[in-house]
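Student: First the structure, which I've put down as structure tokens, then a few questions once you've had a look.
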Amino acid sequence: MPTPAQDAPIAPQPVISSRFAGGDEGYFTLVWRRFRRSVMGMIGLVLVVLMLVIAIFGDFFAPMDPNEANIGFAPPDSISFMNPDGSFSLRPEVYPIVETGEFDAVTFQPLTGPDLTNPTPLGFFVSGYSYKVLWLIPSNIHFFGAASPGHPFHLLGTDKFGRDILSRGIIGSRISLTIALVVVMLTTTVGTLVGISSGYLGGRIDAWTQRFVEFVLAFPQLPLYLALTTLIPITAPSNVFIAFVIGVMAVLGWAQLSREVRSKTLSLARIEYVRAAIAVGSGDFRIITRHILPNVLSHIIVAVTLAVPSVVLLESFLGFLGFAVKPPLISWGLMLQDTGSYSVIGSYPWILSPVVFVLITVFAFNALGDGLRDAIDPY
């Protein structure tokens, strides 16, 4: 005869989704799910992706030839949706800046002003100067520009040689971001290898390695940057000069990351699964690559995203002083050389436009780094 307990209906058991239990999700999936909740992190990710795309396809996005000279120190063109007769137009138009035929009474420079009688209509996917997509495929199509080829316009004005600042800023992102990414890649690789090896092996190797790291960190970096960059002749090719600058930045930039990675390795080397791997006879290389490096990787990723803005700022500063990039190459720091005097800034404030490119880059990578740090840190 069944008992009352046997007659009672069986309550359904709650079903726990693997999405919340984490059973079917990997580590990077969980990090991505946490990262998506960060608004600033997502904004930084979108900006970083856009900057990389614009840097790779810079000629496509640049509306003007960055080396074409027009009117020196011309102010930004005015954009209007109104026709000269006062009617509304769906297609935006710019009024080019031309010389008025008069001269400034103090500086004796020719005065410029908008040509209201000759508006330039804008459009997307228009023809312009010729270039090669990815340095291989010839093309002359640009993302936006003057609907009629041969009509110059300058949305951010021109520099002292009459070259378009917007186009030079877009093309200059290649050099600035390339220097930053290559330097960070080199410093991350060297700093990670030195830090993990020093922290795991310990003993005299760790002691001597850390004394060398302290020796590198003891140098005042800015005077050393300036001293080392002056060793290369001015007549050297631009590629050689960039390689030398990258090498100087990389040699002086790996030490801090190695200290951080070493401290992480010292704590991980005492964890049970690392001791168990040592007990079963695993080699040092296997322990470092399979057990320690994956646990240090999260800190390295965040350090990379936060190191890129520092290198961009350093390159801009060295370029402003004339120690980073030489013409005919273009970088944001080199463009800022025109802002060397207060009189120029006061008369032509639009030449500070490259600062906006630097600010956007620093903000994007810092926001991305903060979002990754919050997503990766389990606490």
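The values are calculated or read from the model by the stated rules, or taken from the named source; none is laboratory data. Not measured: the values here are computed from a predicted model. Cβ atoms come from the backbone with ideal geometry, glycine included; neighbour counts cover every protein chain shown.
Student: Quick check on this structure: which one of ALA207, ALA180 is at pLDDT 90 or above, in contact with a helix residue (DSSP H, G or I) (Cβ under 6 Å, 6 or more places away or on another chain) and aliphatic (A, V, I, L, M)?
Tutor: Sole residue among the options that is at pLDDT 90 or above, in contact with a helix residue (DSSP H, G or I) (Cβ under 6 Å, 6 or more places away or on another chain) and aliphatic (A, V, I, L, M): ALA180.
Student: Could you say which residue among PRO119, PRO138 is surrounded by fewer than 20 Cβ atoms within 10 Å (Cβ to Cβ) and either modelled with pLDDT of 90 or more or not assigned by TED's automatic domain parsing to the domain that holds ALA324 (or both)?
Tutor: Of the residues listed, the single one that is surrounded by fewer than 20 Cβ atoms within 10 Å (Cβ to Cβ) and either modelled with pLDDT of 90 or more or not assigned by TED's automatic domain parsing to the domain that holds ALA324 (or both) is PRO138.
Student: Search segment 183-211 for residues being among the hydrophobic types (A, V, I, L, M, F, W, C) and under 24 Å from LEU306 (Cβ atoms), and hand back the single one that is surrounded by the most Cβ atoms within 10 Å (Cβ to Cβ).
Tutor: Looking at the filtered set, the residue picked out is VAL183.
Student: Here's something else I'd like to know. Could you check segment 337-374 and list, in sequence order, the residues that are surrounded by 21 or more Cβ atoms within 10 Å (Cβ to Cβ), within 17 Å of LYS160 (Cβ to Cβ) and touching a Ser or Thr at 6+ places or on another chain (Cβ under 7 Å)?
Tutor: Within segment 337-374, ILE351 is the sole residue that qualifies.
Student: Filter the helices (runs of 4 or more DSSP H) completely within segment 327-379 down to those with at least 2 residues that are out of contact with any strand residue (DSSP E or B) (no Cβ under 8 Å at 6 or more places or on another chain) and farther than 14 Å from ASP159 by Cβ.
Tutor: Where helices (runs of 4 or more DSSP H) fall fully within segment 327-379 and carry at least 2 residues being out of contact with any strand residue (DSSP E or B) (no Cβ under 8 Å at 6 or more places or on another chain) and farther than 14 Å from ASP159 by Cβ, they are 342-347, 353-376.
Student: Here is a further query. Could you grab me the full set of residues in segment 195-209 that are of a type in the set (Val, Ile, Thr) and farther than 11 Å from ILE288 by Cβ?
Tutor: Hits for segment 195-209 are ILE205, THR209.
Student: Can you name every one of the strands (runs of 3 or more DSSP E) wholly within segment 108-207 that holds 2 or more residues which are under 21 Å from ILE242 (Cβ atoms)?
Tutor: Passing ranges, in order: 120-133.
Student: Related question: Looking at SER18, SER78, which one is modelled with pLDDT under 80, in contact with a Pro (Cβ under 7 Å, 6 or more places away or on another chain) and either more than 24 Å from VAL308 (Cβ to Cβ) or of a type outside the set (Ser, Thr, Tyr) (or both)?
Tutor: SER78
Student: Answer with yes or no whether ASP59 is among the charged types (D, E, K, R), under 35 Å from the mean Cα position of the chain (by Cα) and either at pLDDT 85 or above or more than 20 Å from ASP370 (Cβ to Cβ) (or both).
Tutor: The answer is yes for ASP59.
Student: Would you point out the residue of segment 271-292, among those that are surrounded by 17 or more Cβ atoms within 10 Å (Cβ to Cβ) and touching a residue at least 60 places away in the same chain (Cβ under 8 Å), that is nearest to PHE365 (Cα to Cα)?
Tutor: ILE292
Student: Cβ-Cβ under 6 Å, sequence separation 6+ or interchain: first residue in segment 334-352 and within 24 Å of VAL312 (Cα to Cα), partner among the acidic types (Asp, Glu) and assigned to a helix (DSSP H, G or I). Which pairs?
Tutor: ILE351/ASP338
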